[in-house]
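Q: I'd like to ask some things about the structure below.
The values are calculated or read from the model by the stated rules, or taken from the named source; none is laboratory data. Not measured: the values here are computed from a predicted model. We place every Cβ from the backbone using ideal geometry, glycine too, and count neighbours over all the protein chains shown. All accessible areas refer to the heavy atoms of the entire protein, side chains included, with ligands and DNA or RNA removed. Shrake-Rupley method; radii C 1.70, N 1.55, O 1.52, S 1.80 Å.
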Amino acid sequence: MKLATLKSVQRDGQLIIVSRDLSQAVDASDIAPNLQWALDNWEQTQPQLETRYIALCKGEAAGAFPFEEKQCHSPLPRAFQWADGSAYVNHVELVRKARNAEMPESFWHDPLMYQGGSDAFLSPTEDIPLVDEAWGLDFESEIAVITGDVPLGAKPELAGESIRLFMLVNDVSLRNLIPGELAKGFGFFQSKPSSSFSPVAVTPDELGDAWDGRKLHLPLTTHLNDALFGKPNAGVDMTFDFPTLVSHAAKSRPLGAGCIIGSGTVSNYDRSAGSSCLAEKRMLEIIALGEAKTPFMKAGDQVRIEMFDEDGNSIFAAIDQKVVAWPS
């Protein structure tokens, strides 16, 4: 099943169902006014949504209309919680290597995770505001899951059963603000502005054999200014799988339905696959050349993040955003 949220006068948007080929959509607000409501009442809403989804894909849904991703919010325009992990530890290792810093052994056994701002996500085609070019604006191409309720202390097996939906993420970062914030010992805040998510969220069954219950085994494609920037496989070199990340988040507190857990920047040891953020490419340049050659994003730059199935069909539609200078 594929779900999306249309922009509307309501802050949480209007829930719609999207066809498998992303061509058609149908209103679902009579079943659930918005996605958060659907997640809060999943046992009741999921069967009804699924029935209408099947009808839509067969061309039998009343009131169907063409799907336009530019009319969409992120599936959850705001969320009770957005926590982003760093499941691809080779990416962390690379960044630390570039600045000659040792990586603690614990990083291979205990996931890194930060709690991001979740009250004002960008829509998937909304401009990214650039307040100051000196802050080092970067994109980060990732995958995220949305959970149902997860009890305190849930082990990975139970945590995995809570996964309701998948999305793509652009976890926007301000790289040059990060060192100062981390030096304070309290983590990210100003260096992590609003993130954006793919127009469409999909249930695990839509991913077929690519989802093995732990990892999503498909390439994540990123284009920068229409040029292919990276295509690493999300199922390769993922140190911590999604059930482990959800379990980690629930170690000391329960998670409410609608909690978003991110994978962190998708990265492969095989560097020929390219990268999912500018920082990684810059680190590779530092290691190889002694200095970074690739600049961070500036006004006018465009990033597109998308995932395709084995037949070349877009699964989530695309995050497609332009950087614009923020008025001073």
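Q: Within the stretch 66-103, track down each residue that is open to solvent by 60 Å² or more (accessible area, probe 1.4 Å) and either acidic (Asp, Glu) or under 30 Å from Ala4 (Cα atoms) (or both).
A: Pro66, Glu68, Lys70, Gln71, Arg78, Phe80, Glu93, Glu102, listed by residue number.
Q: Continuing with this model, one more query. Just to be sure before I move on: is Glu60 in a helix (DSSP H, G or I), of a type outside the set (Ser, Thr, Tyr) and open to solvent by 30 Å² or more (accessible area, probe 1.4 Å) in the structure I sent?
A: Criteria not met by Glu60.
Q: Now, a different point. Note down all Cβ pairs under 8 Å where the first residue falls in the stretch 297-309 and is touching a residue at least 40 places away in the same chain (Cβ under 8 Å) and under 15 Å from Gly136 (Cβ atoms), the second is loosely packed, with under 15 Cβ neighbours inside 10 Å and among the small types (Gly, Ala, Ser), and they're at least six residues apart or on different chains.
A: Ala299/Ala325
Q: Just need a number here: residues in the stretch 310-327 that are in contact (Cβ under 8 Å) with a residue 12 or more places away in the chain and of a type outside the set (A, V, I, L, M, F, W, C).
A: 6
Q: Tally time: how many residues in the stretch 130-183 are among the hydrophobic types (A, V, I, L, M, F, W, C), part of a loop (DSSP other than H, G, I, E, B) and open to solvent by 10 Å² or more (accessible area, probe 1.4 Å)? Don't jump to the end; show me each part of the working.
A: The first filter runs over the stretch 130-183 and keeps only residues among the hydrophobic types (A, V, I, L, M, F, W, C), leaving 130-131, 134-135, 137, 139, 143-146, 150, 152, 154, 158-159, 163, 165-169, 172, 174, 177-178, 182-183.
Still in the running and part of a loop (DSSP other than H, G, I, E, B): 131, 139, 152, 154, 172.
Add one more test, that the residue is open to solvent by 10 Å² or more (accessible area, probe 1.4 Å), and what stays is 131, 152.
The qualifying residues number 2.
Q: All but one of (1) farther than 30 Å from Lys251 by Cβ; (2) open to solvent by less than 50 Å² (accessible area, probe 1.4 Å) hold for Trp42, so report the exception by its number.
A: Among (1) farther than 30 Å from Lys251 by Cβ; (2) open to solvent by less than 50 Å² (accessible area, probe 1.4 Å), the lone unmet condition for Trp42 is (1).
Q: Let me ask something else. Any residue at all in the stretch 88-110 that's over 21 Å from Ser276 (Cβ atoms), in contact (Cβ under 8 Å) with a residue 40 or more places away in the chain and in contact with a strand residue (DSSP E or B) (Cβ under 9 Å, 6 or more places away or on another chain)?
A: No, the stretch 88-110 contains no residue that is over 21 Å from Ser276 (Cβ atoms), in contact (Cβ under 8 Å) with a residue 40 or more places away in the chain and in contact with a strand residue (DSSP E or B) (Cβ under 9 Å, 6 or more places away or on another chain).
Q: Still on this structure: Looking at Gly185, Gly230, Gly180, can you tell me which residue is within 25 Å of Val323 (Cβ to Cβ), modelled with pLDDT under 95 and over 14 Å from the mean Cα position of the chain (by Cα)?
A: Gly180
Q: For the stretch 1-39, which positions are of a type in the set (Val, Ile, Thr) and within 11 Å of Leu76 (Cα to Cα)?
A: Selection gives Thr5 alone.
Q: Provide a single number: the residues in the stretch 114-129 that are outside any loop (DSSP other than H, G, I, E, B) and crowded, with 19+ Cβ neighbours inside 10 Å.
A: 2
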